[in-house]
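In what follows, a structure is listed as structure tokens, so that the remarks can point back to it.
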Amino acid sequence: MAVPGTFLPPVLILLLLLLCGLGPWVECVFFNEEYMTCRWGSRETLAANYSLYYWYENRSPVVECKHYLQDQDINIGCHFNRSETVQFQPFRVLLNASLGGRTLEVHSKRMELQDLVKPEAPVNLTVRNMSGNQLQLTWSSPYSKAHCLEHSVKYKSNKDTSWTVGEHRANGDIFSLPSVDYEKFYTFYVRSKINGYCGSTQLWSEWSVPVVWGNNSTSKGTAEEQLRWFWIHTVLIPIASCLLLMVLVILLVRMERVWVILMPRIPNPIKNFDELFSTHNGNFQEWAGVPKDVVESFKPNYSENICYVSELPPKDSYEPLWEGSNHPPSVTPGSPAAPREHSPYKNSYLGV
Amino acid sequence: MSHAFFRSIFRVLPLLLALSPVNSSGCAMGNRTAEIRVKYENILSHDIDELVNMSAEYRDRCCKNKKHENSKVFFCNDTQEVGSLQTMACSMLRFFQKQKIGRELRRKAALVSCGTLQVLQCRCERLRKEKVCMQVNTYHREDTETGEQSKKKCNQEFCELKENISSLRSCWNKFEKIISR
């Protein structure tokens, strides 16, 4: 449930918008030093009853705007005739916004009208051929003081993708293009601004009506040629590529010969040994194809009995077992016994 | 015969007054508009732009809604542009000794003042501009630290100087527009 008093008064909303930089703010433009308009928004901004007052500091009294600009009965700007404008004098504006019985005042910053001038676009653009493949572009300006203007020229040929833009303070209304291609088709635009000697503004005029130079026939053919290239690049080439790809895929799938060449089989070693076990019963020499005489040569042609060798256990009493010896060996405790000449293997029978 | 003598004397004096240079009592502009225009466009206008940019780097919050005592300085009177420029330039020279303003800004402002007076060949009535202009040329640059500190301090003298700079530039714009017809 809405609590009374929680809704902000419309004027406070307006003030809030103003503090956030979203509220009405006066912007003035002095068009070609002939007339000036100061605007503060459209009907999309907060609908209120606006009135504008202006004065020149230390010079004139405060005066209300005589010619309002309206949008659906809402004042959105003020129109000043030339007689109402004075340059090089500090100019101030006060905007009153009335809403719901309350009034909000918006003071503009101090302005000087020479810094708000927006000249008209240059006219009568003319291109001349000069020597050495040079082009000279000239124009005239509706602004009365041409020496206070600086100009910007933008141009491109039919082969260029982007505009070339240059700014210069021309001595007179002349621009030279050093070298041109007679096979190309050029388009030129010019705009103007008050230069720094006569004011301090960033307001450029609108771009002029263009002037063209070059081979006229190429201009007509250019559109057709561009259309043709468009069809080739965007339609024909992709379709052809897709068709070629499909043909290749079909060929690969259907023709195994081609597939085998492109994707050779990796040999499986187990198949090679399959015959060893299934046909030759594991006989490696037979499977390997070793000749019979070689196989026989490895077989031994003698027989040999197995000789069993065992060690006799040592006896408790000591008996000399050697022959031809009159001196019994002296035995000291702990000392190893002298090696016997009698080998316990003497009694063994070694088959020869 | 005596009445003829007095008539001739009384005619000449008003004639002399009528024929005296309209622009200023301290300037010898003569017929040098082309020369003045060349010097302004090629040299002085760039110094003025630099001075304006330099002053914009300083804090100016304390300058809002300030009324100035000497309002004469800030008018560029119609048909009196040279005299107005002379007044503004001589007034701006006063700030060269104001210690509360950053040194580089003071020096640049004095440079522009001296340039204006030199181009228009004007003198200052109360100030020895030659002495000040000599000092300007021999002034040393301040170190960066003190310069940055002075930019953060807003004071009324800086506000007056800023006002003076804006008026001088505006008056030069007006003069240029007139002499370049």
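Tell me yes or no: at least one residue of segment A:39-48 is in a strand (DSSP E or B) and away from every other protein chain (no Cβ under 14 Å). Break it down into steps so the answer makes sense when it comes.
Looking only at segment A:39-48, we keep the residues that are in a strand (DSSP E or B), and these are A:39.
If we keep only those that are away from every other protein chain (no Cβ under 14 Å) too, we end up with A:39.
Yes: segment A:39-48 contains one or more residues that are in a strand (DSSP E or B) and away from every other protein chain (no Cβ under 14 Å).
Tally the residues that are of a type outside the set (Ser, Thr, Tyr) and under 25 Å from B:Arg37 (Cα atoms), restricting the search to segment A:187-210. Please lay out each step first, then the result.
First, pick out the residues of segment A:187-210 that are of a type outside the set (Ser, Thr, Tyr): A:188, A:190-191, A:193-196, A:198-199, A:202-204, A:206-207, A:209-210.
Within this subset, residues satisfying the condition of being under 25 Å from B:Arg37 (Cα atoms) are A:191, A:193-196, A:198-199, A:202-204.
So the answer is 10.
Is it fair to say A:Thr234 is more than 30 Å from A:Leu113 (Cβ to Cβ), modelled with pLDDT of 90 or more and either exposed (fewer than 15 other Cβ atoms within 10 Å of the Cβ) or within 14 Å of another protein chain (Cβ to nearest Cβ) (or both)? I'd like the intermediate steps shown before the answer.
Working: more than 30 Å from A:Leu113 (Cβ to Cβ): yes; modelled with pLDDT of 90 or more: no; either exposed (fewer than 15 other Cβ atoms within 10 Å of the Cβ) or within 14 Å of another protein chain (Cβ to nearest Cβ) (or both): yes.
The answer is no for A:Thr234.
Results for (1) surrounded by 10 or more Cβ atoms within 10 Å (Cβ to Cβ); (2) modelled with pLDDT under 75; (3) in a loop (DSSP other than H, G, I, E, B); (4) among the small types (Gly, Ala, Ser), shown as yes or no for each residue.
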{"site": "A:Val290", "(1), (2), (3), (4)": "yes, no, yes, no"}
{"site": "A:Val295", "(1), (2), (3), (4)": "yes, no, no, no"}
{"site": "A:Lys299", "(1), (2), (3), (4)": "no, no, yes, no"}
{"site": "A:Asn305", "(1), (2), (3), (4)": "no, no, yes, no"}
{"site": "A:Tyr308", "(1), (2), (3), (4)": "no, no, yes, no"}
{"site": "A:Leu312", "(1), (2), (3), (4)": "no, no, yes, no"}
{"site": "A:Tyr318", "(1), (2), (3), (4)": "yes, yes, yes, no"}
{"site": "A:Gly324", "(1), (2), (3), (4)": "no, yes, yes, yes"}
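From the list A:Glu105, A:Glu57, exactly one residue is at pLDDT below 90, surrounded by fewer than 15 Cβ atoms within 10 Å (Cβ to Cβ) and under 30 Å from B:Lys177 (Cα atoms). Which is it?
Values: A:Glu105 fails: under 30 Å from B:Lys177 (Cα atoms).
Step by step, each of A:Glu105, A:Glu57 is checked, and only A:Glu57 is at pLDDT below 90, surrounded by fewer than 15 Cβ atoms within 10 Å (Cβ to Cβ) and under 30 Å from B:Lys177 (Cα atoms).
Mind listing whichever residues of segment B:41-51 are out of contact with any helix residue (DSSP H, G or I) (no Cβ under 6 Å at 6 or more places or on another chain) and crowded, with 17+ Cβ neighbours inside 10 Å?
Within segment B:41-51, the subset out of contact with any helix residue (DSSP H, G or I) (no Cβ under 6 Å at 6 or more places or on another chain) is B:41-43, B:45-46, B:49-50.
Result: B:Glu41, B:Ser45.
How about segment A:128-151: which of its residues are farther than 30 Å from B:Ser167 by Cβ and either buried (at least 19 other Cβ atoms within 10 Å of the Cβ) or within 40 Å of the chain's Cα centre (by Cα) (or both)?
Within segment A:128-151, A:Asn133, A:Gln134, A:Leu135, A:Gln136, A:Leu137, A:Trp139 meet the criteria.
Give segment B:161-181 a look and list any residue that's small (Gly, Ala, Ser), surrounded by fewer than 21 Cβ atoms within 10 Å (Cβ to Cβ) and either at the interface with chain A (Cβ under 8 Å from one of its Cβ atoms) or touching a Gly at 6+ places or on another chain (Cβ under 8 Å) (or both), or say none.
Matches in segment B:161-181: B:Ser180 only.
Among the residues of segment B:136-176, what is the count of those that are of a type in the set (Val, Ile, Thr) and at pLDDT below 70?
Within segment B:136-176, the subset of a type in the set (Val, Ile, Thr) is B:136, B:138, B:144, B:146, B:165.
Then drop every residue that is not at pLDDT below 70, which leaves B:138, B:144, B:146.
Counting residues in segment B:136-176 that are of a type in the set (Val, Ile, Thr) and at pLDDT below 70 gives 3.
Yes/no matrix, rows are residues, columns are (1) crowded, with 16+ Cβ neighbours inside 10 Å; (2) closer than 14 Å to A:Val26 by Cβ:
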site: A:Cys65; (1), (2): yes, yes
site: A:Cys78; (1), (2): yes, yes
site: A:Gly100; (1), (2): no, no
site: A:Arg110; (1), (2): no, yes
site: A:Asp115; (1), (2): yes, no
site: A:Val123; (1), (2): no, no
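Test A:Tyr155 against the criterion of being within 14 Å of chain B (Cβ to nearest Cβ) and either more than 24 Å from B:Tyr40 (Cβ to Cβ) or not in a strand (DSSP E or B) (or both), and give yes or no. Please lay out each step first, then the result.
On the way: within 14 Å of chain B (Cβ to nearest Cβ): no; either more than 24 Å from B:Tyr40 (Cβ to Cβ) or not in a strand (DSSP E or B) (or both): yes.
So A:Tyr155 fails the test.
From the residues in segment A:80-92 that are modelled with pLDDT under 95 and hydrophobic (A, V, I, L, M, F, W, C), which one is surrounded by the fewest Cβ atoms within 10 Å (Cβ to Cβ)?
The selected residue is A:Val86.
How many of the residues in segment A:121-154 are in contact with a helix residue (DSSP H, G or I) (Cβ under 8 Å, 6 or more places away or on another chain) and among the basic types (Lys, Arg)?
1
Considering only residues of segment A:77-105 that are hydroxyl-bearing (Ser, Thr, Tyr) and touching a residue at least 24 places away in the same chain (Cβ under 8 Å), which is nearest to the other protein chains (Cβ to nearest Cβ)? Step through it out loud before you land on a result.
Filtering segment A:77-105 down to residues hydroxyl-bearing (Ser, Thr, Tyr) leaves A:83, A:85, A:98, A:103.
Remaining after also requiring touching a residue at least 24 places away in the same chain (Cβ under 8 Å): A:85, A:98, A:103.
On the way: A:Thr85: 14, A:Ser98: 24, A:Thr103: 20 Å.
Ranking the qualifying residues of segment A:77-105, first place goes to A:Thr85.
Somewhere in segment B:67-83, is a residue farther than 19 Å from A:Phe88 by Cα, more than 12 Å from chain A (Cβ to nearest Cβ) and modelled with pLDDT under 90?
Checked against the condition, which is being farther than 19 Å from A:Phe88 by Cα, more than 12 Å from chain A (Cβ to nearest Cβ) and modelled with pLDDT under 90, segment B:67-83 yields at least one hit.
I need a count of the residues in segment B:48-65 that are within 12 Å of another protein chain (Cβ to nearest Cβ) and under 15 Å from the mean Cα position of the chain (by Cα).
3
The values are calculated or read from the model by the stated rules, or taken from the named source; none is laboratory data. Note that this is a predicted model, so its numbers are computed, not measured. In this analysis, Cβ positions are derived from the backbone assuming ideal geometry, glycine residues included, and neighbour counts consider all displayed protein chains.
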